[in-house]
Amino acid sequence: MAHEVQVDNSQEPDLYRRIFEELSEAIIGTDVSGTIVFCNKASEVIFGWKPEELIGQKIEKLIPQRYRAAHGGHMAKFKKNNVRSKYMGKAVASVTGMHRDGHEIDLGTTIMQMTCNDGKKVFVAAVRDISLRMQYMQQVEKYANTDPLTGLSNRRYFFEELKALIENPGAGETRVWLGLFDLDGFKAVNDIYGHQAGDLLLQNVARRIAISLPEHCLLARLGGDEFAVAVPGPATASDIDELGHRIIAALRQPYEIDGSQIAVGASGGFAHYPDMATTVSALYERADYSLYVVKHARSGGINVFNSGFQSLIEQKSRMEYCLRKGDLANELYLEFQPIMDLATNRISHFEALARWANPELGLVSPAQFVPLAERCGKIHEITRILFQKALDEAATWPEDVSLSFNLSAQDILSRDSVFALLRMIMRSGLSPARIEFEITETSILTDFDQADLALRNLAAAGCRIALDDFGSGYSSYGYMDRLMLHKIKMDRSFVSRLNTGPKALKVIKAIADFAASLELDCVAEGVETLNELELIRSLDIPHAQGYIFSRPVDAAKVPDLLQIHNGFDAASNEDLRRDRKA
C-alpha cells in the first residue's frame, strides 16, 4: 500500500463520491492541524456524529480523554520535524475511539497521508468498528486462561503469571512462596456421590481457599483436585505455615452438597523463591516434593520445604536414575512372609514382598522405590519381574499354599498390565485359584470404575482379591459392596492398639463382623505378641500375619517354614526347584 497518494479530483468525481459515501468503513480526513476536513456517512454509524457535525472539529473529539495527550504528542512531532508516523500506511490491529455518548469503541484503522491537487497534505483514516471481534477475542483469551469449573486461573496461565512475577520484579527483589494443595479422599466423593457432587465440592474448595488468602495472591486450579497459590511479599516460613494450616482447616470443614454432608482432608506443600529455588520449574519441584512428603506420610497438614529436603531430592534423583539404568531383573528379589490359618495353625499363603538391592544404592526400601517407580513409569516392568519370580517360587510349594502378591495403583488401572499378569499365570502352570492379588484403597479410589473392571477380570480368571490396609483410607465402607473382593486385611495399626484398652478390641471385632457379613475372609496384620494373638483368636478372625509367626524371609528359607508349620518335606522343594531350572 502506498504511504502517500496524489489525489486528482478531476477524474470522474461523482463516481468517487458515491464510492466514498457507500463504504462500510468510516473515512475521516484531517489537515495537519488535526481538524476534520471530510468524512463519510459510515462515520455516523461508528461514532454517532453526523458528517456535518464533525467537519471543522478537532480529531480529538473522537479520541478518549486518556489518549489525547499521546495523540497530541505525535501530531506535534510531525509538525515540527515533518516525521512520518511509524503507523503510516499500516493497518493497526486495535486503537480506541470514543462514541458520541462517551463509551469507548475498539477500532481497526489504516492511516494514509495524501497530497491534494492544491498541494495541501491531509491525513486519511479508514476506520472499522471491531468491538465485537475484540469481545470475542477477550472471551477466547479468558477461556484459554481460566479453569471452566471453578473460574480460577488454569495451570498454564498461573505459571505464566508466576514466571512474570519472578522475571519482572519491578522495584526491589521479588520474594514469593509457591504452595500446592491436594485434597485427601476426593476420588471417593466422585465414586460415592457422583461427579456432579465432586464438581460442586471443587467449586466450594476454590471459594474457601480464595477467602483464606491475603490480597494480591495468585490462585489456580492446576487440574483434578490440585490447587496452587502464589504468595508474594516478605512472608516468613512461620507466616506461611500459619496460612497453610488456616487453609487446611477451612477445607476440612464439612460441605453441604445436594443434601449430603461431605468431608475431605487436605494436604499442602510450600517452597520459597529465591531462598529455595531460583527458577519456576525448580520452585514447583520443591513445593511438589513438600506436598509429596505430607501425602506419603498420610498425615495431612502443611509441609514447608527446607534445606534438608534438598539432599532427599538428590537421593530421589539418583534412585530414579538407578531404576532407569539398573539391571532390575537381577537386582530385584522377593522375601516371603507367611499368612497363618488360625483354625489349623498351618500356613495358607505367603505374601511376596518386593526388595531391591542396587550396587550403588545398596538395599532400598520398597516404601521408597515403589512410589518412585510409579512416578517415573517403571512400575509395570518391576511388577512383571517380581511376579515372574513369585510364580517360580510358588510352583515349588505344596498345592494348598497360595501366593499373595501386591499390585500398585498403576497395575490395576492398566488393562494391558492386568492381561499381562493373567498370561503369566497361564504360562506358569499354576492354578489361578492359588494366586491372590493384594490391592490398597488408594489404588481403588484413583479410578474406581477401571479398578472395578480390573478386579472383575482377575476374579473371572479364578484369582482371588484381597483389600490390604483396610481401614486406613477415607471411605472403606462406601464401596465394599460394589467391589469384587474375597478378603480384607485390616491395617496393622488396629492390632498395634490392642493394648490401649477395650475400645481397640471392639473396633477390630466390628471390622471382623463387617467382613463376615459380606462373606469375606479376614486377616489381622501386624500380630507380634502372644497376647495380641490370643485376642485375635478370641474374635474368631480366621487368618493372621506378623512377626510372631515369622519375619519376611528369603526364598531359600520358605521350605523350613513349611516344614515347621505344615509338615512339608523340604527335600521335595529342592527337587521341584531343580526340575523347574532344568
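The values are calculated or read from the model by the stated rules, or taken from the named source; none is laboratory data. The model shown is predicted, which means the values in this text are computed figures rather than measured ones. Cβ: placed from backbone, ideal geometry, glycine included. Neighbour counts: every protein chain shown. Accessible surface areas use protein heavy atoms only, side chains included; no ligands, DNA or RNA. Shrake-Rupley method; radii C 1.70, N 1.55, O 1.52, S 1.80 Å.
Could you tell me whether Ala42 is farther than 15 Å from Val122 by Cα, over 48 Å from the mean Cα position of the chain (by Cα), at pLDDT below 90 and crowded, with 18+ Cβ neighbours inside 10 Å?
Yes.
Being more than 30 Å from Pro542 (Cβ to Cβ), in contact with a helix residue (DSSP H, G or I) (Cβ under 7 Å, 6 or more places away or on another chain) and touching a residue at least 24 places away in the same chain (Cβ under 8 Å) narrows it down to one residue among Ala354, Ala287, Ala394, Ala329; which is it?
From the options Ala354, Ala287, Ala394, Ala329, the qualifying one is Ala329.
Given (1) within 19 Å of the chain's Cα centre (by Cα); (2) closer than 24 Å to Asn303 by Cβ, identify the lone condition not met by Asn190.
If we test Asn190 against (1) within 19 Å of the chain's Cα centre (by Cα); (2) closer than 24 Å to Asn303 by Cβ, just (2) comes out false.
Search region 536-550 for residues being in contact with an Asp or Glu (Cβ under 7 Å, 6 or more places away or on another chain) and assigned to a loop (DSSP other than H, G, I, E, B), and hand back the single one that is most open to solvent (accessible area, probe 1.4 Å).
Applying the filter and picking the extreme gives Tyr547.
Residue-by-condition table, conditions (1) open to solvent by less than 60 Å² (accessible area, probe 1.4 Å); (2) closer than 23 Å to Leu407 by Cα; (3) aromatic (Phe, Trp, Tyr):
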residue	(1), (2), (3)
Asn306	no, no, no
Glu314	no, no, no
Glu320	yes, yes, no
Phe336	yes, yes, yes
Thr344	no, no, no
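It is to be established whether one or more residues within region 48-63 are at pLDDT below 90, within 52 Å of the chain's Cα centre (by Cα) and assigned to a helix (DSSP H, G or I).
no
Looking at region 520-530 only, could you name the residues that are crowded, with 16+ Cβ neighbours inside 10 Å and in a loop (DSSP other than H, G, I, E, B)?
Of everything in region 520-530, those that are crowded, with 16+ Cβ neighbours inside 10 Å and in a loop (DSSP other than H, G, I, E, B) turn out to be Leu520, Glu525, Gly526, Val527.
Since Ala206 meets every condition but one in (1) within 23 Å of Glu285 (Cβ to Cβ); (2) small (Gly, Ala, Ser); (3) out of contact with any Pro (no Cβ under 9 Å at 6 or more places or on another chain), which condition does it not meet?
(1)
Residues Asp411, Asp469: which one is touching a residue at least 24 places away in the same chain (Cβ under 8 Å), out of contact with any His (no Cβ under 8 Å at 6 or more places or on another chain) and acidic (Asp, Glu)?
Matching residue, one of Asp411, Asp469: Asp469.
Would you kindly identify the helices (runs of 4 or more DSSP H) lying entirely within region 408-519 that contain at least 1 residues that are under 18 Å from Gly546 (Cβ atoms)?
492-496, 502-517
Give me a count of the residues in region 355-375 that are open to solvent by 20 Å² or more (accessible area, probe 1.4 Å), at negative phi and not hydroxyl-bearing (Ser, Thr, Tyr).
13
Among the candidates Asp521, Asp554, Asp560, single out the residue that is in contact (Cβ under 8 Å) with a residue 60 or more places away in the chain, within 27 Å of Pro398 (Cα to Cα) and of a type outside the set (Phe, Trp, Tyr).
Matching residue, one of Asp521, Asp554, Asp560: Asp554.
Given the conditions (1) farther than 30 Å from Gly567 by Cβ; (2) surrounded by fewer than 20 Cβ atoms within 10 Å (Cβ to Cβ), which single one is not true for Thr383?
With (1) farther than 30 Å from Gly567 by Cβ; (2) surrounded by fewer than 20 Cβ atoms within 10 Å (Cβ to Cβ) applied to Thr383, the lone miss is (2).
Show me the helices (runs of 4 or more DSSP H) entirely contained within region 252-345 in which 1 or more residues are at pLDDT below 90 and β-branched (Val, Ile, Thr).
Helices (runs of 4 or more DSSP H) meeting the threshold: 280-297, 307-325.
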